[in-house]
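Chemist: This is the structure, below, for whatever I ask next.
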Amino acid sequence: MVKIEHKRALLVFRFGDKKFEWPIETRYWRNPILGVAFLALLPVIFSSHPDILSLIATANIYACIAIPLAWQMTGIGRLNFGPQAFVGIGGFTAGLLSIHLGWGPWATFPIVIITGILFGLILSPLTNIAKGLYFSLVTLILPLIFLEITYYFGIFKGETGLFGIAPMISIGNIVAELIIANYFSLIMMVLFLFVVVKVFDSRIGLYSAAINDDEEVANNLGLNIKKWKIICFVVTSVMITLAGWFSAHYFGTFAGVTYLQLPFMLKILMIVMIGGRGDVYGAIYGAYFIVILEKVLTIFGTANYLLFPLILLILLFTLREGIYGIYRKHKYREYYPTIRVRKR
Amino acid sequence: MLKLDGVTKKFEGLVAVNNVNFQIEEGEIVGLIGPNGAGKTTLMNLISGTLKPTEGRIEFNGQDISGVAPYDVCHRGISRTYQIPRPFPDMTALMNVAVGVFCGKNRPNMSLSDAMLDASHFLEFVGLFGKRNMLARDLSLFDLRALELARALATTPKFILIDEVMAGLNQSEVTIAIRLIRKIVEEFHVTIMWIEHIMKIIMEATQRVVVLQYGEVLTSGLPEVVVNDPRVIEAYLGEKIA
Ligand SMILES: Nc1ncnc2c1ncn2[C@@H]1O[C@H](COP(=O)(O)OP(=O)(O)O)[C@@H](O)[C@H]1O
Ligand SMILES: [Mg+2]
């Protein structure tokens, strides 16, 4: 009845007189629908393991930071070492509004976006003033300043963090709430993925690549680099702010110590590096990889504080282009056949 | 078309370009020559907006463009190449040119595939169509020079600044490059300011020559007159002229 045959790069299923083809050549493997379907199964499979559900949500939140960051890196041509400042802005805005005014996640949402735009605009001149390492240094210091502020002003509850933030959803059934909120994290990640992939496939992606490669040349070719760097910085910053908004409402708590300190930034950077610099899909692989690695290493007790960065360092040096880069490199070197059209 | 009026550029004490006045008319191919360090590239950076003149005025089609941002200068119709090729190394040749197609003028309604089509025409024009999907970093020097020309053309300029295209090319490549630039003028009706270190090429290919030395205009005129000027011979002292 069902016949399966293997034709060069195709796997062909014959079902009666219907025919289904599935390409098996590696360059078609990056099928986002398959990946998302797999991720969508996870919350159901682990519905009775709240700890694993929270790991999945964490991975999705990390990806929600790393995906816009992948675009930002190319779009402003600089390495932002402080994306977590915007996670903090989103988390604290949502948390403070929720605790003091009793707002739910959908009420805080627009305010968080506005705050994100505001701070994005305030910091965006940096993309034109500070070059290379200076930009990285300045952005590295920003979240640390923010952390000091949360200690200094009582309203941020620097020591303990905010708690009692309105949950993503409340319907009375804890298990169902957890699973639905988990799907929210997945939906948010997929939306981010969709937006950034679309951007990369548009002229804005081309602009970003040009700015990343040589902004001076791009400027001479007629690209208004200042404008596009600011647009890119603000949009990606708002996206990262939303990751903070989500994690505040998902976990119900938000503390500067968790998000604003260097270890968190290291994790995000590692996700981006392991995923492959400036690679959107890689960011997701990276996020899940880091979360799983961190969980696995907890069996070593306190030694994992040493092991975790050690393993990441080794990976960083051995996989220059990231895990995903191994495959990507393979793809990039496959040049199309060179046909000379006209002989001179 | 292009008018320089007392253009001066100082780098902290060093006067790289000093009170330069000259004019280029539409349709001309003007050669700009001079020994190394004469300020040729600096002058080009001033025109293209990469650098701001310390003093003086640069006019293009009657509009003052001194101090205008580079992208704006490009939108007004001035395009350039680089002495040391500066492609976007991690992009394919086709993408490199597509950036020029998209950005050279405001083209809000152009789709990505339109731009690719346009870009491949420019690539074919310079003879790089077969290498359109190669990463720019893997191209040879000669191909990079052609790519830069294609990219400059893609912005649909009226005026192209060419900086030492011939440096590092062998004899047959030089012949092809000269033919290519002639073809550009024929088909796109652009005006060209051509910087070159080697005088022989300039003699063959241009109608008028401006000689720069220590940032100042030494002399200008027909190539065969300029090459026999004793001051020019002295400026190039020790170097074989023609
Ligand atoms: N950005 C800069 N800063 C300082 N000095 C510069 C700069 N660019 C060029 N110069 C100096 O200006 C002079 C002219 O350089 P350049 O225009 O590159 O000469 P050419 O292209 O004619 O060989 C040189 O002495 C060079 O050192
Ligand atoms: Mg030069």
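Chemist: Just grab the label-to-label distance for B:ASP72 and B:HIS189, each label 7 Å out from Cα along the Cβ direction, in nm (one decimal).
Modeler: Spacing of the two 7 Å Cα→Cβ label points: 2.8 nm.
Chemist: Give me the distance between the Cα centres of the stretch B:176-195 and the stretch A:248-317, rounded to whole Å.
Modeler: 55
Chemist: Continuing with this model, one more query. Rank B:LEU153, B:LEU139, B:LEU43 by mean-square fluctuation in a GNM of chain B with C-alpha springs under 10 angstrom and give only the top-ranked residue.
Modeler: Fluctuation is largest for B:LEU139.
Chemist: Among the GluC sites (Glu not before Pro) in the stretch A:129-217, which ones are in a DSSP loop with at most 11 other Cβ atoms within 10 Å of the Cβ? Mind listing them? Mind dumping the intermediate values first?
Modeler: Working: sites: A:GLU148, A:GLU159, A:GLU177, A:GLU215, A:GLU216; in loops: A:GLU159.
Passing sites in the stretch A:129-217 are A:GLU159.
Chemist: Still on this structure: Kirkwood hydrodynamic radius for the stretch B:89-155: how many Å is it when counted over pairs of different Cα atoms?
Modeler: Evaluated on the stretch B:89-155, it is 11.4 Å.
Chemist: Report the calculated FRET efficiency for A:ILE155 and A:ALA303 (r = Cβ-Cβ distance, R0 = 25 Å), to the nearest 0.05.
Modeler: In this case the efficiency is close to 0.10.
Chemist: Pop a pseudo-label 7 angstrom from the Cα along the beta-carbon direction at both A:ASP51 and B:LEU169 and give the gap in nm to one decimal.
Modeler: It is 6.8 nm.
Chemist: When the expected Rg is taken as 2.2 N^0.38 Å, what fraction or multiple of it is the alpha-carbon Rg of chain B?
Modeler: Output field value: 1.00.
Chemist: What does the accessible area per residue of the stretch A:42-184 come to in Å², with a 1.4 Å probe and no ligands, DNA or RNA counted?
Modeler: Value returned for the stretch A:42-184: 44 Å² of accessible area per residue.
Chemist: With +1 on each Lys and Arg Cβ and -1 on each Asp and Glu Cβ, and nothing else charged, work out how big the dipole of chain A is about its Cα centre, in Debye to the nearest 20.
Modeler: Details: 28 positive and 17 negative charges, 352 e Å.
Computed about the Cα centre, the dipole is about 1700 debye.
Chemist: Which helices of chain B meet both criteria: a Cα extent of 15 Å or more along the helical axis and a mean Kyte-Doolittle score no lower than 1.0, with helices taken as whole DSSP H segments?
Modeler: Numbers: long enough: B:93-103 (16 Å, 2.12); B:112-125 (20 Å, 0.51); B:141-154 (20 Å, 0.93); B:171-188 (26 Å, 0.36).
Length and hydropathy pass: B:93-103.
Chemist: Ok, one more. Counting helices only, and only those DSSP H runs with n ≥ 4, report the 222 nm mean residue ellipticity of the protein assembly as shown as the sum of -39,500 (n - 2.57) divided by its residues, in deg cm²/dmol to the nearest 500.
Modeler: -18000 deg cm²/dmol
Chemist: Tell me, what % of the accessible area of the stretch B:89-155 is carbon and sulfur with a 1.4 angstrom probe? Display every interim value, and only then the final one.
Modeler: On the way: 1300 of 2300 Å².
Taking all protein chains in place, the stretch B:89-155 shows 56 percent carbon and sulfur surface.
Chemist: Amide H neighbours of B:THR191 under 5 Å, counting only residues 5+ apart in sequence or on other chains, H built in-plane at 1.01 Å?
Modeler: B:GLY27, B:PHE159, B:ILE160
Chemist: How big is the B-A contact in terms of buried accessible area, both chains counted, 1.4 Å probe, rounded to the nearest 100 Å²?
Modeler: Interface between B and A: roughly 2900 Å².
Chemist: Hey, another quick one. Counting pairs of Cα atoms in the protein assembly as shown, how many percent are more than 47 Å apart?
Modeler: Values: 50131 of 171405 pairs.
Percentage above 47 Å: 29.
Chemist: Calculate, for A:LEU315 and A:SER136, the FRET efficiency according to 1/(1 + (r/R0)^6) with r their C-beta to C-beta distance and R0 22 Å; round to the nearest 0.05.
Modeler: Working: r = 21 Å, r/R0 = 0.94.
In this case the efficiency is close to 0.60.
Chemist: Turning to a different aspect of this structure: Which residue, B:GLY67, B:GLY100, B:GLY130, tops the fluctuation ranking in a GNM of chain B built on C-alpha contacts under 10 Å?
Modeler: Per the Cα network of chain B with a 10 Å cutoff, B:GLY130 tops the list.
Chemist: For B:ASN18, list long-range residues whose amide hydrogen, built 1.01 Å from N in the peptide plane, is under 5 Å from its own amide hydrogen.
Modeler: Result for B:ASN18 returns B:LYS9, B:GLU216.
Chemist: Run the reach check for A:LYS3 against aspartates and glutamates, Cα to Cα strictly under 19 Å, same-chain hits fewer than 8 apart removed. What comes back?
Modeler: By straight Cα distance, A:LYS3 reaches A:ASP17, A:GLU21.
Chemist: Given a 1.4 Å probe, how much area per residue of chain B is accessible, in Å²?
Modeler: 42
Chemist: In nm, to one decimal, how far is the modelled label at B:LEU222 from the one at B:GLU234, with both set 7 Å along Cα→Cβ?
Modeler: So the two model labels end up 2.4 nm from each other.
Chemist: Probe 1.4 Å, all protein chains in place: accessible area of B:SER111 in Å², nearest 10?
Modeler: 50
Chemist: Something else: Within 10 Å of each Cβ in B:86-94, how many Cβ atoms from other chains are there, averaged over the peptide?
Modeler: Mean partner shielding for this stretch: 4.
Chemist: Oh, and also: With a Förster radius of 45 Å, plug the Cβ-Cβ distance of A:LEU101 and A:ASN128 into 1/(1 + (r/R0)^6) and report the FRET value to the nearest 0.05.
Modeler: 0.80
Chemist: Right, another one. Using the scaling law 2.2 N^0.38 Å as the reference, what is the normalised Cα Rg of the stretch B:83-127?
Modeler: Working: Rg = 10.9 Å, N = 45, 2.2 N^0.38 = 9.3 Å.
Ratio of Cα Rg to 2.2 N^0.38 Å: 1.16.
Chemist: Here is a follow-up. What is the log10 of I(q)/I(0) for the stretch A:112-232, computed with the Debye formula using one identical point scatterer on each Cα and no solvent, at q = 0.12, 0.20 Å⁻¹?
Modeler: -0.75, -1.21
Chemist: Considering only DSSP beta bridges with both partners in the protein assembly as shown, what is the antiparallel share in %, to the nearest 5?
Modeler: About 70 percent, rounded to the nearest 5.
Chemist: Counting pairs of Cα atoms in the stretch A:125-190, how many percent are more than 17 Å apart?
Modeler: Tail of P(r) above 17 Å: 66 percent of Cα pairs.
Chemist: Ranked by accessible surface with a 1.4 Å probe, highest first, in what order do A:LYS267, A:LYS3 come?
Modeler: Working: A:LYS267 30, A:LYS3 125 Å².
Correct descending sequence by accessible area is A:LYS3, A:LYS267.
Chemist: Are there residues in the stretch A:217-255 whose accessible area shrinks by at least 10 Å² when all protein chains are included rather than the chain by itself, and which are they (probe 1.4 Å, ligands and nucleic acids not counted)?
Modeler: Those residues are A:VAL217, A:ASN219, A:ASN220, A:LEU221, A:GLY222, A:LEU223, A:ASN224.
Chemist: If you wrap the stretch A:50-261's Cα atoms in a convex hull and average its projection over all directions, what's the area in nm²?
Modeler: Reported value for the Cα convex hull: 11.7 nm².
Chemist: With helices defined as uninterrupted DSSP H runs, which ones in chain A have an alpha carbon span along their own long axis of at least 15 Å and mean Kyte-Doolittle hydropathy of at least 1.6?
Modeler: Membrane-span-like by this criterion, though nothing is claimed about a membrane: A:32-45, A:105-123, A:132-152, A:174-200, A:262-275, A:304-318.
Chemist: A further question on this structure: For each pair in B:LYS40/B:LYS105; A:LYS229/B:LYS40; A:LYS198/B:LYS52; B:LYS105/B:LYS183, compute the distance between the two Cα atoms and list the pairs where it is over 29 Å.
Modeler: A:LYS229/B:LYS40; A:LYS198/B:LYS52
Chemist: If you don't mind, another one. Give the residue list of chymotrypsin sites (Phe, Trp or Tyr not before Pro) in the stretch A:98-167 that are DSSP loop and have at most 12 other beta-carbon atoms within 10 angstrom.
Modeler: Sites meeting the loop and neighbour criteria: A:PHE153.
The values are calculated or read from the model by the stated rules, or taken from the named source; none is laboratory data. What you are looking at is a predicted structure, and each value in this text was computed from that prediction instead of being measured. Cβ atoms come from the backbone with ideal geometry, glycine included; neighbour counts cover every protein chain shown. Surface areas here come from the heavy atoms of the whole protein model, side chains and all, with no ligands, DNA or RNA. Shrake-Rupley method; radii C 1.70, N 1.55, O 1.52, S 1.80 Å.
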